[in-house]
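Just so it is clear, none of the values below were taken in a lab; they were calculated from the coordinates. Bear in mind that the values here come from a model prediction, so they are computed numbers and not experimental data. In this analysis, Cβ positions are derived from the backbone assuming ideal geometry, glycine residues included, and neighbour counts consider all displayed protein chains.
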Amino acid sequence: MRNISAAFILLSVAACGEAVSKPKPATVEGFPPAAALGDGRVVADKPVEIVKPQGNVLGALERPSALRRFFESIASLESGHAQDDVRIVQFGDSHTAADMLTGTVRRALQARFGDGGRGFVAIGKPWRRYLQDGVRVGMSSTWVTEKLKWEKGKNVPGDGAFGLAGIGLATRESGARAWTDVGTRTARAEIAYLEQPVGGSFDVLIDGVRLVRVSTRSDRVQSAFRTFDVSEQTAHQLDVRATGDGDVRVFGVSLDRAQHGIVFDALGINGAQITTPLFWNEQHWAEQLRHRAPGLVVLAYGTNESVDESLPRETYERRLVDLIGRISRALPQTSCLLLGPPDRAIERDGQWVTAPKILEIIASQRRVAEAAGCAFYSQFDAMGGEGSIAQWAAEATPRAQKDRCHLTRDGYAQVGSSFASDLMRAYAGWRKEAGLPAVAPPKPQDLSPLPSTLPATPDFTE
């Protein structure tokens, strides 16, 4: 990788129709300011040609050789020598938040390489239609959501300490309750929270039984984690209840199995853009990333940016490089892949056509991926290229929603299956080139995935 020492997956996805913000540099007391986010306005009103690389391409996966370190981790997992799970984290917007594409990839990789657990999910309900496969969440009204906010025409980052996913819950009210019903096989739960000088305490309950009282008071602001063992044979409810003796901020819970395997975190926020993580406190987010220790980082942005026709290419690429730099500094040995956005259509002269800005975003991501030494995956090509989402939305059983931006569960499943298949074929090719023997996939009877809890047509409204 040239100039950037880390690698990771950039899944370019977003929530269409959200307000497009004009971000400014974020400054958090005690930490250096975020990189300046230029707001030049140059409009290129000409077709953007999509030029695919001629070599090192497998299906819609380009430069799979950039995933060498990730593949090495999977090989260690298959050989039985792994000392930990192989974790993938994907950051993004509504496509990621729906956990449909990611859920499909998760199930496919876990079926092939082993199920390490459900991964990181929220405690409580960070927004009204929070969706994650295998869990259901809820909370009392005395919690407030902590995240980057858009108020009076500008981004308001607060202190930027929002946890791994860039979103958390806070309260200082006695009896405030947030819970997560876990329907996936789980042997260990790790709660992530914030320690701070004004921190209060919260009780942790599993299936209604209090296990421990956790104090979040500390002489400095820092990330903290607490792990609990649970029975893998039954479903569980994990419950957090504040005692009211100070500020409590919780970020989520990681759900793991006793066995080593693949863990795939879907960390999306509706309406997010590539700039969203740049407003997070870099030192705090780096703590979270290093603790999670992924073998592959997934960033999922791009569709929301494609709504802003005035966004200059140079500005977008500079922001993308800034974000890659942050992750690189935190995770210098982690593998990388940029996954371009799916097709998005706009109406012109009574016809639905591919938005030109989507083509520009894809071209930019290809350039940045190559410069950074990352792999790139084209959801656009996996769908069939220009005009595909309009066709999918017009089908009797549609694979895309009427907004011609989001997909249905069937559409996300198809693209996710293509991505997982290309990724596994690339891994098999890497094994062959490395001189490793072929490994037979697990027998069908060894696989017992739980049914999906996600709706056929996700609702992305807040």
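Could you tell me the relative contact order of region 228-327? Use alpha-carbon pairs under 8 Å, at least six residues apart, and round to a whole percent. All intermediate terms of the calculation are to be shown ahead of the outcome.
Numbers: 27 pairs, mean separation 34.5, N = 100.
Relative contact order of region 228-327: 35 percent.
Our summary of shape: the Cα atoms of region 275-382 have principal axis extents of 51, 27, 22 Å, ordered from largest down, in whole angstrom. Other residues with beta-carbon under 11 Å from the beta-carbon of Arg249 carry, at +1 per Lys or Arg and -1 per Asp or Glu, a net charge of -3. Under the criterion of Cα pairs below 8 Å and six or more residues apart, the relative contact order for region 121-258 equals 32 percent. Karplus-derived 3J(HN,Hα) values for region 83-94, using 6.51 cos²θ - 1.76 cosθ + 1.60 with θ = phi - 60°, are 9, 7, 5, 9, 9, 10, 10, 10, 9, x, 10, 5 Hz; glycine and proline are entered as x. Taking the centroid of alpha carbons for each part, region 388-406 and region 351-368 are 18 Å apart.
List Glu151, Glu433 from most exposed to least, where exposure is judged by having the fewest other Cβ atoms within 10 Å. Please report the intermediate quantities before stating the final value.
Working: Glu151 7, Glu433 11.
Final ranking by Cβ density, sparse to dense: Glu151, Glu433.
Taking Cβ atoms as reference points and 13 Å as the exclusive limit, the residues near Arg188 contribute a net charge of -2, counting Lys and Arg as +1 and Asp and Glu as -1. For Phe264, the amide hydrogen comes within under 5 Å of the amide hydrogens of Ile88, counting only partners 5 or more places away or on other chains and with H modelled in the peptide plane.
Measuring between alpha carbons in the structure, the pairs from Lys152/Lys357; Lys125/Lys357; Lys357/Lys402 lying more than 25 angstrom apart are Lys152/Lys357; Lys125/Lys357. I'd like the antiparallel share, as a percent to the nearest 5, of DSSP beta bridges with both residues in region 121-258. Counting only bridges with both partners in region 121-258, antiparallel ones make up about 95 percent.
Arrange Asp207, Asp381, Asp159 by Cβ neighbour counts within 10 Å, fewest through most, would you? Intermediate results must be reported in sequence, preceding the final value.
Details: Asp207 13, Asp381 20, Asp159 17.
So the residues, fewest neighbours to most, are Asp207, Asp159, Asp381.
The phi torsions of region 111-126, fed into the Karplus equation with coefficients 6.51, -1.76 and 1.60 and a -60° offset, translate into couplings of 5, 7, 10, x, 8, x, x, 6, x, 7, 9, 6, 9, x, 10, x Hz, rounded to whole numbers, with Gly and Pro shown as x.
Taking every alpha-carbon pair in region 126-182 and binning the separations at 5 Å intervals from zero gives 4, 16, 22, 24, 20, 10, 4, 1 percent.
What shape does region 182-294 have by the C-alpha gyration tensor, where a ≥ b ≥ c are the square roots of the eigenvalues, rounded means a/c under 1.5, and otherwise prolate means a/b greater than b/c and oblate the rest?
On the way: a/c = 1.91, a/b = 1.11, b/c = 1.72.
Taking the square roots of the gyration eigenvalues as a ≥ b ≥ c, region 182-294 is oblate.
The amide H of Gly373, built 1.01 Å from its N in the peptide plane, has Arg2 as neighbours under 5 Å, considering only residues 5 or more places off or on other chains. Convex hull volume of the Cα atoms of region 121-258, normalised per residue: 107 Å³. A simple packing score, the average count of other Cβ atoms within 10 Å per residue, orders the peptides 127-135, 292-300 as 292-300, 127-135, with the highest score first.
Couplings 3J(HN,Hα) for region 391-401, derived from phi with the Karplus relation 6.51 cos²θ - 1.76 cosθ + 1.60 (θ = phi - 60°), are 5, 4, 6, 8, 6, 4, 10, x, 9, 9, 7 Hz, where x marks Gly and Pro. Compute the separation of the alpha-carbon centres of region 285-316 and region 88-147 and state it in Å as a whole number. If we compute the Cα centre of each part, the gap is 17 Å.
Residues whose amide H falls under 5 Å from that of Ser201, counting only those 5 or more places apart or on a different chain, are Thr216, Thr243, Gly244, Asp245, Gly246, with hydrogens built in the peptide plane.
If R₀ is 30 angstrom, what is the calculated FRET efficiency for the pair Glu309 and Asp84, using the beta carbon separation as r and rounding to 0.05? Please report the intermediate quantities before stating the final value.
Working: r = 45 Å, r/R0 = 1.49.
So the FRET efficiency works out to roughly 0.10.
If R0 is taken as 41 Å, the Cβ-Cβ distance between Arg213 and Ala456 corresponds to a FRET efficiency of 0.45.
Just want the ordering: Thr184, Thr227, Thr142, from fewest to most Cβ atoms lying within 10 Å of their own Cβ. Let's see the in-between values first.
Details: Thr184 21, Thr227 11, Thr142 15.
The order, fewest Cβ neighbours first, is Thr227, Thr142, Thr184.
Summary value for region 358-433: 18 percent relative contact order, contacts being C-alpha pairs under 8 angstrom separated by 6+ residues.
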